[in-house]
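The block underneath contains the structure these notes are about, expressed in C-alpha cells.
The values are calculated or read from the model by the stated rules, or taken from the named source; none is laboratory data. Note that this is a predicted model, so its numbers are computed, not measured. Cβ sites come from the backbone with ideal geometry, for glycine too, and all protein chains shown count toward neighbours. Quick note on the areas: whole protein, heavy atoms, side chains included, nothing else; ligands and nucleic acids left out. Shrake-Rupley method; radii C 1.70, N 1.55, O 1.52, S 1.80 Å.
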Amino acid sequence: MSFSDLGLAPELLRAIADQGYTEPTPVQAKAIPPILQGQDVMAAAQTGTGKTAGFTLPMLHRLLEFANTSVSPARHPVRALILTPTRELAAQVQDSVKTYGKHIALRSAVVYGGVHIDPQIAELRAGVEILVATPGRLLDHLGQKTVNLSQVQFLVLDEADRMLDMGFLPDIKRILATLPAKRQSLLFSATYSDEIRGLAKQLLTDPVSVEVARRNSATETVTHLVYKVESAAKRDLLNHLIKSRDMRQVLVFCSPKIGANRLASKLDKAGDGAARRPRHRPP
Ligand code: AMP
C-alpha cells in the first residue's frame with residue numbers, strides 16, 4: 001500500500017515525499033479513503049499513530065478546489081475547523097497542516113488562549129480556509145464576531161476524549177451550534193466512553209468506524225495470564241511460579257511502594273538470593 005494508492009492529489013504526494021514517508025500508517029490507510037469520499041469518520045487512534053496526517057491529508061485534498069492566491073479576505077472563508085484540547089496540540093496540528101499543505105494555496109491559522117488575541121484577530125480578518133482552535137478561545141472570537149464559521153464544511157474533533165475530560169463539552173456544543181448542518185465531521189479519540197459515543201451520535205452521520213491496534217499494546221509473542229488468589233497467597237504464588245518455571249529474569253510490578261519493598265525482602269529470604277531491590281517509579 002502506498003500513498004498514491006489512496007488517491008491523494010499530486011501536491012500532497014509531493015509533500016509526503018518531502019517528509020520521507022514511504023507508506024501510510026494503519027490509521028492513515030483506513031481513515032483516508034472514506035474521508036476522501038466525503039464520509040463521516042469515528043477513529044480510535046492515539047498520539048503517535050500518524051492520526052494527524054490521517055485527517056489533515058484528506059482534508060487538504062477535499063479543500064483543493066478552493067485553493068487560491070487572491071488577497072481578498074472574502075475569497076478565504078473558514079472552510080475547515082479543527083478543535084483540539086490544548087494549545088500545544090493545536091500548534092502541532094497547524095504545523096502539520098502547513099507541512100502537508102505547503103504546495104497548496106490554502107491558508108491556515110491557529111487560535112488558543114493564554115496569548116494576546118489581537119494578532120489572531122488580524123490573521124482571521126485577512127481570511128483563512130483552515131482554522132485550528134482550542135474551544136475556549138474560539139468562543140471568545142465567536143463572541144467578538146472576529147470569526148465567521150458559517151461556511152465550515154469540514155470539522156475535526158481531535159483527541160475528543162481529552163476535550164471532554166477537560167470539561168469542554170458545553171463549549172463544543174456552543175461551537176457546533178454555529179456551524180452549518182451540512183458538513184463532513186470527523187471524531188478522533190484514544191478511548192471510547194459512553195460520553196464520547198453520545199457526542200459521536202450527535203455529531204456524526206452514518207460514520208465509518210476506524211480502529212487500529214493500540215500503539216502500546218503487548219506484542220503477539222507475549223501471553224497474559226491472570227491468577228485469582230487471596231491477597232495473602234500472592235507472594236507464595238509468585239515464589240512458586242518463579243521456582244517451578246525456573247525463571248531467571250523476572251520483572252515484578254506492584255503497588256504500593258511499601259508492598260514492593262516487602263515483596264523483595266520476602267523473595268530474598270525465600271532463598272536463591274534472586275531478588276533485587278525494587279525500583280521506584282520516578283516522580
Ligand atoms: P501523530 O500520531 O499524528 O502525532 O504522528 C506521529 C508522528 O508520525 C509524527 O511525527 C509524524 O510526522 C509521523 N508520521 C505520520 N505519518 C507517517 C508515515 N506515514 N510514515 C512515517 N511517519 C509518519
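With the condition kept exactly as written, say whether any residue in the range 173-186 is open to solvent by less than 50 Å² (accessible area, probe 1.4 Å), at pLDDT 95 or above and within 16 Å of the ligand (Cβ to nearest atom). Yes. Please give the number of the condition Gly54 fails out of (1) touching a helix residue (DSSP H, G or I) at 6+ places or on another chain (Cβ under 7 Å); (2) closer than 21 Å to Leu149 by Cβ; (3) outside any strand (DSSP E or B); (4) open to solvent by less than 10 Å² (accessible area, probe 1.4 Å). If we test Gly54 against (1) touching a helix residue (DSSP H, G or I) at 6+ places or on another chain (Cβ under 7 Å); (2) closer than 21 Å to Leu149 by Cβ; (3) outside any strand (DSSP E or B); (4) open to solvent by less than 10 Å² (accessible area, probe 1.4 Å), just (2) comes out false.
Of the candidates Leu106, Leu164, Leu142, Leu124, the single residue that is in contact with an Asp or Glu (Cβ under 8 Å, 6 or more places away or on another chain) and in a helix (DSSP H, G or I) is Leu164.
Pairs only if they're at least six apart or on different chains, beta carbon under 7 angstrom, first in the range 1-19 and under 12 Å from His61 (Cβ atoms) and within 13 Å of the ligand (Cβ to nearest atom), second at pLDDT below 95 and open to solvent by 50 Å² or more (accessible area, probe 1.4 Å); list them, first residue then second. Within 7 Å, the pairs are Leu13/Ser4.
Residues satisfying the criterion are absent from the range 15-33 (criterion: within 27 Å of Leu149 (Cβ to Cβ) and in a loop (DSSP other than H, G, I, E, B)).
Of all residues in the range 25-46, those being open to solvent by less than 30 Å² (accessible area, probe 1.4 Å), within 18 Å of Val97 (Cα to Cα), touching a Lys or Arg at 6+ places or on another chain (Cβ under 9 Å) and within 12 Å of the ligand (Cβ to nearest atom) number 3. Per the listing Thr69, Thr49, Thr84, the residue uniquely near the ligand (Cβ under 9 Å from one of its atoms) and polar (S, T, N, Q) is Thr49. With touching a residue at least 24 places away in the same chain (Cβ under 8 Å) and open to solvent by less than 70 Å² (accessible area, probe 1.4 Å) as the only criterion, which of Ala264, Ala233, Ala270, Ala260 stands out? Answer to the check: Ala270. Condition first: modelled with pLDDT of 95 or more, at positive phi and touching a strand residue (DSSP E or B) at 6+ places or on another chain (Cβ under 8 Å). Can you find one or more residues in the range 63-85 that meet it? Scanning the range 63-85 turns up no residue that is modelled with pLDDT of 95 or more, at positive phi and touching a strand residue (DSSP E or B) at 6+ places or on another chain (Cβ under 8 Å). Of all the residues in the range 174-206, those that are basic (Lys, Arg) and without any contact (Cβ under 8 Å) to a residue 24 or more places away in the chain number 2. Pairs meeting the criteria (first residue in the range 207-227 and under 30 Å from Gln39 (Cβ atoms), second residue modelled with pLDDT under 80 and surrounded by 10 or more Cβ atoms within 10 Å (Cβ to Cβ), beta carbons under 6 Å, at least 6 apart or on different chains) are lacking.
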